[in-house]
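Participant: This is the structure I want to talk about, given as structure tokens.
The values are calculated or read from the model by the stated rules, or taken from the named source; none is laboratory data. These numbers come from a predicted model, not from an experiment. Virtual Cβ from ideal backbone geometry, glycine too; neighbours counted across all protein chains shown.
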Amino acid sequence: MAFTQQQIVESLAGRLIVSVQAYPGEPMRDPRTMAQVAASAARGGAAAVRVQGIADIHAARSAVEVPVIGLWKDGDTGVYITPTYQHAYAVALAGAHVVALDGTRRPRPDGLTLAQTIDRLHHNTHALVMADCGSLDDALAASAAGADLVGTTLAGYTGERPKTNGPDLELLEAMSQADIDVPIIAEGRIHTPPQASAAIAAGAHAVVVGTAITHPTTITSWFVNAVEG
Ligand SMILES: CC(=O)N[C@H](C=O)[C@@H](O)[C@H](O)[C@H](O)COP(=O)(O)O
């Protein structure tokens with residue numbers, strides 16, 4: 001499905017996005033499985049899906065009619081979410097309507113600035129850019145660098161913010177009161193419907209939920225801990 005950039009942003013207003021990811025070595029790490037989970041989320045009312053890896057992005061594009069936010073994780077420390085321009089370009093070529101990438105102020109492995117990365121993507125593709133941020137300063141810098149959306153994805157994972165139990169609502173409120181003129185996406189540790197609605201109340205344009213909907217291993221462990229103590 002083709003969308004204009006404006007249609008994508010408007011379609012996300014006040015809506016839920018579901019992140020569909022399986023980690024290396026996990027039983028569900030298979031593009032067909034991920035596409036089926038993405039389609040199930042779309043049936044449940046997800047306004048968009050967020051999908052990791054080139055093969056999963058391809059598979060999700062043909063499985064759902066909602067916008068696909070794509071990313072490519074390379075490693076799991078430092079700058080690992082779509083870390084370079086080449087990763088970002090490949091994500092866009094795979095069909096992602098929105099390219100999610102590391103939107104922190106940390107140096108990028110290819111030596112480009114965030115602004116250069118975003119400029120090149122905008123010049124060479126039609127994709128929107130979602131900057132995954134870890135702090136208010138990241139979000140301010142990312143919106144100034146040309147990001148189309150800024151997310152709280154990396155709050156609690158870069159050392160600038162505490163790893164809150166649940167979403168970092170304080171950061172979300174600070175971002176929505178700051179001079180950021182692009183939509184703010186709440187993402188990270190949103191585990192319950194009340195937390196999702198609290199994120200909207202704190203100023204989020206849309207809310208991303210991953211683990212609590214699509215990661216059965218973690219969800220099972222929550223129940224195991226409750227039952228077994
Ligand atoms: C920090 C990082 O690498 N976050 C990743 C970004 O794509 C994913 O592992 C998360 O599952 C996603 O952000 C959704 O968050 P949660 O699973 O907490 O609902």
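Participant: Kindly provide the set of residues from the stretch 27-55 that are within 12 Å of the ligand (Cβ to nearest atom) and touching a helix residue (DSSP H, G or I) at 6+ places or on another chain (Cβ under 7 Å), ordered by number.
Facilitator: Those that are within 12 Å of the ligand (Cβ to nearest atom) and touching a helix residue (DSSP H, G or I) at 6+ places or on another chain (Cβ under 7 Å): VAL49, VAL51.
Participant: Is at least one residue of the stretch 202-216 more than 16 Å from the chain's Cα centre (by Cα), under 25 Å from ALA39 (Cα atoms) and within 16 Å of the ligand (Cβ to nearest atom)?
Facilitator: Yes.
Participant: Looking only at the stretch 217-229, filter to residues that are in a helix (DSSP H, G or I) and either of a type outside the set (Val, Ile, Thr) or within 11 Å of the ligand (Cβ to nearest atom) (or both); which one of those is farthest from GLU173 (Cα to Cα)?
Facilitator: This residue is GLU228.
Participant: To continue, here is another question. Run PRO83 past the list (1) within 16 Å of the ligand (Cβ to nearest atom); (2) under 26 Å from PRO216 (Cα atoms); (3) under 18 Å from the mean Cα position of the chain (by Cα); (4) free of Cβ contacts under 8 Å to residues at least 40 places away in the same chain and report the number of the one that doesn't hold.
Facilitator: The one condition PRO83 does not meet is (2).
Participant: If VAL91 meets every condition in (1) over 16 Å from VAL20 (Cα atoms); (2) in contact with a Phe, Trp or Tyr (Cβ under 7 Å, 6 or more places away or on another chain); (3) not hydroxyl-bearing (Ser, Thr, Tyr) apart from one, which number is that one?
Facilitator: (1)
Participant: Something else about it: Return the pairs, sorted by first residue and then second, in which the second residue is assigned to a strand (DSSP E or B) and at pLDDT 95 or above, the first residue lies in the stretch 92-108 and is on the phi > 0 side of the Ramachandran plot, the beta carbons are less than 9 Å apart, and the residues are 6+ apart or on different chains.
Facilitator: GLY95/VAL68; GLY95/GLY70
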